[in-house]
Every structure is written in structure tokens, then in C-alpha cells.
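Below is one structure, written out as C-alpha cells; the observations come after it.
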Amino acid sequence: MSQVKQDFIKFIPFSFFLLLPGGELFLPAWVLIFPNSIPSQFVGEAERIKKFQELKERQEDAAEKLLFIMPNYLAKLLSNNSVPDDDKVQIRAFKQLIKSDKFLPTDLLEYRKLFTKYGKFNLFQTKSLIHMAHFMSISPVTGLNTINNILSLFKVKIPVDAPVIKYMTQMLVARELNMYFRRLRQEDLMLDLEDIDKYPDQQLTKVCFERGININQPRTEQLADLKLWLSISNKRNIPHLLLLIIRLHDFNTNRF
């Protein structure tokens, strides 16, 4: 249903290129500026595979970068004088736990209150938020996307963390991540554990990929990871960022 709705919205501007005599001449420029504006029925199978491969590589790259970003964020919290000593004890314990290989993803749930206080997306820099979005398989709206697509013709780009602009980009990407997680977790409430076992491989891959679950593993392990995600996601008092970190750790463990 979501894909049909997106295609309907995309088809409105796309139809002008079909109806306007000679309109197809302007289509390449339109696609350059708005690369995701083509309805899915006009995208060939080879192009779909290429785009999916790019998203997959970007997800893996983001997973590696986030392994360094998260500890740095915790270190900043420890050096922040406004963070109470009791919370710093918890932060140190959490740091020690994620350094160890001998813990289960569910062990991290003990720190849900800590992440409720300090695990909000808007506390991170824009580039870190973009890596989180890429890990979750989405291309975030920074407010500069279209402008930078036009500027790419002149091999120029406005950095997302440029002075003044960075406050806008940070707000937009944090908002999109929150909306994305809310949507996923709303969908999770509707998923039936027994039905998941019957999903065709293509459907299972899509659901797992959207949730940061490593799809380069056997079906049985994808199902196990998805059921773990659902068991945590459906707990209402689990902050989005903690859910992301649990998936990030499991994703990298499965990769290496």
C-alpha cells in the first residue's frame, strides 16, 4: 500500500513528461535533480538491482562508521559536567558491556532509562545522523538534497555541516529518523510471528533490510534476528536509538 501511494504521488509530475510533446528531452535533467522521482513501474530490473546493491554497500559502510561514532558519543557524555555522577556510572558500565563479546543484545535493555535521557537523535551531529539513516536503509532529507543535485552539474556541493546550515540539517534528519522508526514500529505491531516464517525470500529480505538486519546470512538467521527485533520493538519504553544500537551490534557481529 505504501509503495502504491508513493508511485501515485511520483506519477503526477512524471506524467507531464509523457503528455508534453518533446517532454522526454527534459527527463534526464529532472532525474538528475530528483533521482527518486520515477514511479517504480518505469524502473527496469537491472536498475532496481543496481540501486539495491548501492543501498546495501552504503548500509555496510555506515555500520562500520557507527562503530566509532557511538563510543565517541559516550565519551562526550562522560566529559560533560552537566551529566550527574550516577548517570556516568551507568554510561561507563554500558561502555564496558559493548566492548565485551560476552553479552546478549537483550542485556542492553537494562540501559533503557539512560537512553531515554541521553539517546535522542537531535543530540547527534548531522553526519552521524546520516550514517544512522544509511544503516537503516533510507536516504534522509537534509534540506540540501535538491540544491546539491543541481550544484553537482558544476562539481560543487554544500556540506551538510556547514555553519548555520548544520542546525537545519540536524533538525531535519533527526526528525526523519524519528518518523521512520515510528512507522517501522507501528508496522511491527501488525506483524505476526507465525506469518513471518511463511514470508517469501524477497519479502523477508525487504523487511529485514529496512530494520538494519544483515541480509547476507541464511534465512533461518534472518528470521531469528527479525523475531528478536520484534520482541524489542514492541516494548513501548525502548528508545529508538537503543533499538538501533542493538541492531548495529548484531549486524556487525554477523558480518565478522
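Values in this text are rule-based calculations from the coordinates and carry no lab data. Owing to the predicted nature of the structure, the values given are computational and were not obtained by experimental measurement. Quick reminder, even Gly has a Cβ in these numbers, built from the backbone with ideal geometry, and neighbours come from all protein chains shown.
Other residues lying with their Cβ under 15 Å from the Cβ of LYS99 contribute a combined charge of +1, Lys and Arg counting +1, Asp and Glu -1.
Each residue of the stretch 122-130 was assigned a 3J(HN,Hα) from its phi angle through the Karplus curve 6.51 cos²θ - 1.76 cosθ + 1.60 (θ = phi - 60°); the sequence is 6, 8, 9, 5, 4, 4, 5, 5, 5 Hz, with glycine and proline shown as x. Distance between the C-alpha centres of the stretch 216-240 and the stretch 136-190: 25 Å, rounded to the whole angstrom. Relative protection proxy for 151-162, 233-244, from highest mean packing down: 233-244, 151-162 (other beta-carbon atoms within 10 angstrom). Within the same chain, lysines fewer than 8 places from LYS127 are excluded, and of the rest, those with a Cα less than 17 Å from its Cα are LYS65, LYS76, LYS157, LYS166.
Per-residue extension of 0.36 nm, minus the Cα-Cα distance of SER79 and ASN122, leaves a gain of 13.6 nm for this segment.
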